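Enquirer: Pasting in a structure now, in structure tokens, and then I'll have a few things to ask.
The values are calculated or read from the model by the stated rules, or taken from the named source; none is laboratory data. Fair warning: this is a prediction, and the values are worked out from it, not measured in the lab. Neighbour counts are summed over all protein chains in view; Cβ atoms, including those assigned to glycine, are modelled from backbone coordinates with ideal geometry. The protein model used for the area step is the full one, side chains on, heavy atoms only, and it has no ligands, DNA or RNA in it. Shrake-Rupley method; radii C 1.70, N 1.55, O 1.52, S 1.80 Å.
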Amino acid sequence: MKVLSVSNFNFSEMKYENSLSFARKLDRLDPLKSFRSKFHIPNVNGKPSLYFAGNSLGLQPKTTQKFISEELKDWAGLGVEGHLHSRRPWLYYHKFSKKALAQIVGAKTSEVVAMNQLTINLHLMMVSFYRPTSKRFKIITESSAFPSDQYAFESQLKFHGFDPAEALIELTPREGEYTLRTEDILQTVQQHGNQTALVILGGVQYYTGQLFNLKKITELGHLVGAVVGFDLAHAVGNVALNLHRDNVDFAVWCSYKYLNSGPGAIAGAFVHEKHGENFNLPRFAGWWGHNESERFQMKKGFKPMTGIDGWQLSNVPVFQSAAHLASLEIFQEAGIKNLRKKSLLLTGYLEFLLNEIDADKTFFEIITPAKPDERGCQLSILMKQNGEKTFDRLMKAGIIADWREPNVIRVAPVPLYNRFEEVFYLADKIKQIATR
Ligand SMILES: Cc1ncc(COP(=O)(O)O)c(C=O)c1O
């Protein structure tokens, strides 16, 4: 693995400048600049777009095609024998992504696996880790959790015979604020402490881009006797995580955003090793979670594997997983910590430029936290006027961002493939459209 140095970037002394030449200088200094050439950049009007929608769908690595073609070739040439004799034997496919995923989320390889899709994994984890009793049954979450999560929470509560109106406790920002204060999260957890079965939040909030303090939230959840889980859809591959060290009970994520594994890509899950040998936990079972050495004996009686592997249900979707491996290879080369360092600088530059355009917040306001350690790469720009017009004109100009009702433009400068120069053009275009 190539070790990269990001020492060229001196954060503490960084003084941003509002000029194209400065942006280009940062691009020249960027030790990760070569990674952009590993991705296909979509064209708009015959020219490479400025792609800021990696928080929605990450770009395609150029190696994805090779990885998938290799599997197609092995299938064509080997048929069923490919399960054991292809270059990456399909029988063991879930193992090939473990090392990279463990590095990305800060876990042991036995704690992570790529499987299913995010909402499915959320349900599987809740089957095991949301174990309500008549006294302790509440779920604490964000009021604006992603809708799929809200539906999952409601349906789990109803499945166990609880009324979501009573049992779902939603964290809401203070009047006039957009993001949650950690002290308010902690206060709510304390307030409902002895009735709370599960605390579950996003790692990075999908709408505001707020990065939660996983360690503190986990500590407090445990202190009141609750289980703590996270939906890392917007955090994985975006910020450096430490799920094992932070003692998180479980986590789930998708891989089509920052993990660049393609639309509807295979998702992932984490279960802390302290639960990995707890076979008394209820779980929904399938043959891929069964003890590997006996899996093909076709006997009755489910015997789960230790660790997260024991939560797998079905055999591995190889084409999706091949795409996943292509992207994970790039992450291993770049290193998530290096990416995060660049990301802080790249997003910081966008914030600086936007604040220069509209210092009094007349036309728009960034609702993502200003503290770098409270956000990932995304900035959410709340448009006070001309919101949809600005968004439409950005798109027409080949700047791909994403619009969230009622009035937010989300932009995500992604350190693997976005440049400082692109950030400069984005801010300049917003200035031209939004402020007149
Ligand atoms: C935060 C969050 N949770 C859940 C989902 C739903 O994911 P899936 O359709 O992969 O289950 C998404 C999708 O974008 C999301 O952003």
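Enquirer: Could you grab the relative contact order for the chain? Cα pairs under 8 Å, six or more apart, rounded to a whole percent.
Expert: 23
Enquirer: How much FRET efficiency would the formula 1/(1 + (r/R0)^6) give for N407 and M298, where r is the Cβ-Cβ distance and R0 is 56 Å, rounded to 0.05?
Expert: That gives a FRET efficiency of 0.50.
Enquirer: Just subtract the alpha-carbon distance of D360 and E374 from 0.36 nm times their residue separation and send over the number in nm, one decimal.
Expert: Details: separation 14, 0.36 × 14 = 5.04 nm, distance 2.24 nm.
The D360-E374 span can extend by a further 2.8 nm.
Enquirer: Report the calculated FRET efficiency for K135 and E175 (r = Cβ-Cβ distance, R0 = 41 Å), to the nearest 0.05. Intermediate values should be presented prior to the final figure.
Expert: Details: r = 32 Å, r/R0 = 0.79.
So the FRET efficiency works out to roughly 0.80.
Enquirer: Would you mind telling me which residue in L180, L243, L59 has the biggest mean-square fluctuation in a Gaussian network model of the chain, where springs connect alpha carbons within a distance under 10 angstrom?
Expert: Taking springs between Cα atoms under 10 Å, the residue moving most is L180.
Enquirer: Please list 3J(HN,Hα) in residue order for segment 187-204, calculated via the Karplus relation 6.51 cos²θ - 1.76 cosθ + 1.60 where θ = phi - 60°; whole Hz, with x for glycine and proline.
Expert: Residue by residue, segment 187-204 yields 5, 5, 4, 5, 4, 9, x, 6, 10, 8, 8, 9, 10, 9, 10, x, x, 10 Hz.
Enquirer: Which aspartates and glutamates, if any, have their Cα less than 17 Å from the Cα of K66, not counting same-chain residues under 8 positions apart?
Expert: D74, E329
Enquirer: For the chain, which whole percent of the accessible surface, found with a 1.4 angstrom probe, sits on carbon and sulfur atoms?
Expert: The value for the chain is 52 percent carbon and sulfur by accessible area.
Enquirer: Related question: Pairs K47/K215; K371/K429; K138/K361; K25/K215: which are spaced more than 32 Å apart, C-alpha to C-alpha?
Expert: Result: K47/K215; K138/K361; K25/K215 exceed 32 Å.
Enquirer: OK, next. Before I look further, what does the chain give for accessible area per residue, probe 1.4 Å, in whole square angstrom?
Expert: 43
Enquirer: Give me the dipole magnitude in Debye, nearest 20, for segment 279-362 about the Cα centre, with unit charges on the beta carbon: positive for Lys and Arg, negative for Asp and Glu.
Expert: Here segment 279-362 has a charge dipole of around 580 debye.
Enquirer: May I pose another question? Using a simple charge model, +1 on the beta-carbon of Lys and Arg, -1 on the beta-carbon of Asp and Glu, nothing else, what dipole does the chain show about its Cα centre, in debye to the nearest 20?
Expert: Working: 52 positive and 44 negative charges, 217 e Å.
It comes to approximately 1040 debye.
Enquirer: Apply 1/(1 + (r/R0)^6) to the Cβ-Cβ distance of N278 and Q187, taking R0 = 22 Å, and write down the FRET efficiency to the nearest 0.05.
Expert: According to the calculation, E is roughly 0.10.
Enquirer: Turning to a different aspect of this structure: Mind checking which of C254, S69, T208 is farthest towards the positive end of the chain's charge dipole, using Cβ charges of +1 (Lys, Arg) and -1 (Asp, Glu) about the Cα centre?
Expert: With unit charges placed on the Cβ atoms, the residue in question is S69.
Enquirer: Could I ask something else about it? Could you go through segment 216-224 in sequence order and give the Karplus-derived ³J(HN,Hα) for each residue, using 6.51 cos²θ - 1.76 cosθ + 1.60 with θ = phi - 60°, rounded to whole Hz, and x for Gly and Pro?
Expert: Each residue of segment 216-224 in turn: 5, 5, 5, 4, 5, x, 5, 4, 8 Hz.
Enquirer: Convert each backbone phi in segment 27-44 into a coupling constant with the Karplus relation 6.51 cos²θ - 1.76 cosθ + 1.60 (shift: θ = phi - 60°), then list the ³J(HN,Hα) values in order as whole Hz, x for Gly and Pro.
Expert: So the J values, rounded to whole Hz, are 4, 5, 7, 4, x, 9, 4, 6, 5, 4, 6, 8, 10, 7, 9, x, 8, 10.
Enquirer: Would you grab the residues whose amide H sits under 5 Å from the one on Y51? Only those 5+ places off in sequence or on another chain, please, with H modelled 1.01 Å from N.
Expert: Here I400 satisfy the definition.
Enquirer: Can you show me the helix-derived [θ] at 222 nm for the chain, built from DSSP H runs with n ≥ 4 at -39,500 (n - 2.57) apiece and divided by the number of residues, rounded to the nearest 500.
Expert: Computed ellipticity for the chain at 222 nm equals -10500 deg cm²/dmol.
Enquirer: Taking the alpha-carbon centroid of each part, what is the distance from segment 338-407 to segment 49-63 in angstrom?
Expert: So the separation of the two Cα centres works out to 17 Å.
Enquirer: Using amide H atoms built in the peptide plane, which far-off residues or other-chain residues are under 5 Å from L171 H to H?
Expert: T141, E142, S143
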